[in-house]
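These notes are about the structure you will find just below.
The values are calculated or read from the model by the stated rules, or taken from the named source; none is laboratory data. The structure presented is a predicted model; accordingly, all values stated were derived computationally and were not measured. Ideal geometry is used to build each Cβ from the backbone, glycine not excepted, and the neighbour counts take in all protein chains shown. Protein only, heavy atoms only, side chains kept; ligands, DNA and RNA dropped before computing areas. Shrake-Rupley method; radii C 1.70, N 1.55, O 1.52, S 1.80 Å.
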Amino acid sequence: MPHKTFYIKTMGCQMNEYDSDFLAQSLINDGFSPTNNDNDADIILINTCTVRAKPEQKAFSLLGRMSDLKRKNPRLIMGVVGCLAQQKGHELLERFPQLDLVMGPREIGRIKEILGQIYADGEKIVATHLEPRPPHPVSCQGYFNGRVTGYLSIMEGCNNFCTYCIVPYVRGREISRSPEEIVNEAKNLISEGVKEITLLGQNVNSYRWEGMEKWNFVTLLREITKLDGLLRLRFTTSHPKDLSEELIQCFGDLDKLCPHIHLPFQAGSNSVLDRMKRGYTRERYIELIDKLRAVRSDIAITSDVMVGFPGETEQDFHMTLNLIKRVQFDSLFSFKYSDRKGTVAAKMDDKVDETDKSVRLSVLQNLQKKISLKKNWALEGKQLEVLVEGYSKKGGQISGRTGSNKIMNFTSNNNLIGRLVVVTVNCGLLNSLQGEMAPEE
Ligand code: 5AD
Ligand code: SF4
């Protein structure tokens, strides 16, 4: 095959970033080279998201724009992968006739075979089976060189079927990867220079493996933190209903486990939580937060929340605000509920008016801004350990993250990338900290 180039555009969550890295490594192993310029690529893959209406709209408009490239270069192979591809399947080929390939997240292990088929007979392919196991990792030496942080998917899919959520329909049922494969992949990342690993799964804490030995998420965490060369471990996303006492205890016991948990609560009213089928109450959620803080007082807590779930009353919304005040999150991802076709909530009556949703979202975000700022101000004068990742967007400054996952920018003349350094916080801002490093000996 003549030398060909590929370009991957990734939208959506960390799992999509992980999948895009998998695709890139597969293509490199197959003789393709990455390019940053979509204009001269022979293959373009767009990794999409459909979790809410807004990312779906973004994916559609990107697909429209990218389709023009195919008009200019008919030999270009263009594919859509990820959750939108899984959800829409053949429909995407009809709406965007320039596409050659539509491939769901469970099918990415077949990329080489599918491209071979497209090149051989020019047929368009839709690959959207949900049964395949996650693919075995591909080994592409040097791919992660220069990265300080890396993702590692430990399980795929979700069994929870929260009533608003499309994920179980587009990522399939939960399947965990074998501990051996996970540990080997972690070792590979470390050998390429990665210092901090984030374990990924739609529902990481329900990780389970029943081989010769039984493993759960805690066994896996304990094993991975033993790896030499690894400085920090994180994981995301956890479900409150599966947050065991044992897992909470890990934040007290495991030095490498960062003091941060992302624990989506979604709503503060028990009747909304019940209709969302979340499997916990607001009281239970608060109890979990108190337990986490008892084990590790400096743990940062972040979360996802939505406003305007069908039937959400003003009183329900106030229960959400009330929970935010009680918990004092470090930061929040907040969304307006949007119908996802095929979910239970999409068929519920009593939809909340769009204007009301917007007002609620802005009230909630204003409250959270005050809390985030107050939390970051409280860190002023404190010394925090920072893993240096690179340079800040504004330029000139060095940028890294604290264990609590806050961005810290500071000045230094030394090349500190990949190192853990201690930085004093000078100023707490809304989304980052400004610091100063003590002179090195
Ligand atoms: N509408 C709005 N927000 C949603 N999320 C998931 N599904 C929907 C939906 N239909 C949010 C949840 C989830 C995050 C990834 O996206 O808060 O935790
Ligand atoms: Fe969606 Fe609920 Fe599964 Fe999270 S736990 S992916 S919100 S169904």
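For the range 399-414, backbone phi angles converted through the Karplus equation (6.51, -1.76, 1.60; θ = phi - 60°) give residue-by-residue couplings of 10, x, 10, 7, x, 7, 6, 8, 6, 10, 10, 7, 10, 7, 8, 8 Hz, Gly and Pro being listed as x.
Database note for the chain: Cys without another Cys beta carbon under 4.7 angstrom, 13, 49, 83, 140, 158, 250, 258, 427.
For the chain, compute Rg over Rh where Rg is the Cα radius of gyration and Rh is the Kirkwood radius from the inverse mean 1/r over Cα pairs.
When Rh is taken as the Kirkwood radius, the ratio is 0.96.
Using helices alone, what [θ] at 222 nm do you get for the chain, with -39,500 (n - 2.57) per DSSP H run of 4 or more residues, divided over all residues and rounded to the nearest 500? Kindly include the intermediate steps, with their values, before the conclusion.
Details: 13 runs with 154 residues, N = 441.
Taking each H run of at least 4 residues, the total per residue is -11000 deg cm²/dmol.
In this structure, the amide hydrogen of residue 338, modeled 1.01 Å from its nitrogen in the peptide plane, lies closer than 5 angstrom to those of 53, counting only residues at least 5 positions away or on a different chain.
Annotation: for a label point projected 7 angstrom from Cα along Cα→Cβ of residue 58, residues of the range 1-39 with backbone N closer than 12 Å are 10-14. Overall, the accessible surface of the range 119-160 at a probe of 1.4 angstrom is composed of carbon and sulfur to the extent of 48 percent. Residues whose amide H lies under 5 Å from that of residue 260, counting only those 5 or more places away or on a different chain, are 300; hydrogens are built 1.01 Å from N in the peptide plane. Under a 5 Å amide H cut-off, with hydrogens placed 1.01 Å from N, residue 50 pairs with 83, 84 among residues at least 5 apart or on other chains.
Here the 3J(HN,Hα) profile of the range 248-254, calculated from phi with Karplus coefficients 6.51, -1.76 and 1.60 at θ = phi - 60°, is 4, 4, 4, 5, x, 9, 9 Hz, Gly and Pro shown as x. Restricting the calculation to Cα atoms, the range 1-157 yields a radius of gyration followed by a Dmax of 14.7, 42 Å. Per residue, the accessible area of the chain comes to 46 Å² when a 1.4 Å probe rolls over the protein heavy atoms.
Please label the shape of the range 70-217 as rounded, prolate or oblate, based on the square roots a ≥ b ≥ c of the eigenvalues of the alpha-carbon gyration tensor (a/c under 1.5 means rounded; beyond that, a/b larger than b/c means prolate, else oblate). It is oblate, given that a/c is not under 1.5 and a/b is not larger than b/c.
Residue 98 to residue 419: extension gain in nm, 0.36 nm per residue of separation minus the Cα-Cα distance? Spell out each step's value before the answer.
Values: separation 321, 0.36 × 321 = 115.56 nm, distance 4.60 nm.
Value of the extension gain: 111.0 nm.
Given the Cα-Cα distance of residue 294 and residue 130 and 0.36 nm per residue of separation, how much length would full extension add, in nm? Before the final figure, lay out each step's value.
Values: separation 164, 0.36 × 164 = 59.04 nm, distance 4.09 nm.
Working it through step by step, the gained length comes to 54.9 nm.
Sequentially through the range 415-429, phi angles give Karplus couplings (6.51, -1.76, 1.60; θ = phi - 60°) of 7, 10, 4, x, 9, 8, 10, 9, 10, 8, 6, 8, 8, x, 10 Hz, Gly and Pro residues having no value and appearing as x. Full extension of the chain segment joining residue 397 with residue 120 gains 94.7 nm, where the gain is 0.36 nm per residue of separation less the Cα-Cα distance. Of the cross-linked pairs 195/226; 54/88; 58/88; 187/241; 325/382; 195/241, those separated by over 19 Å at the C-alpha level are 187/241; 325/382; 195/241.
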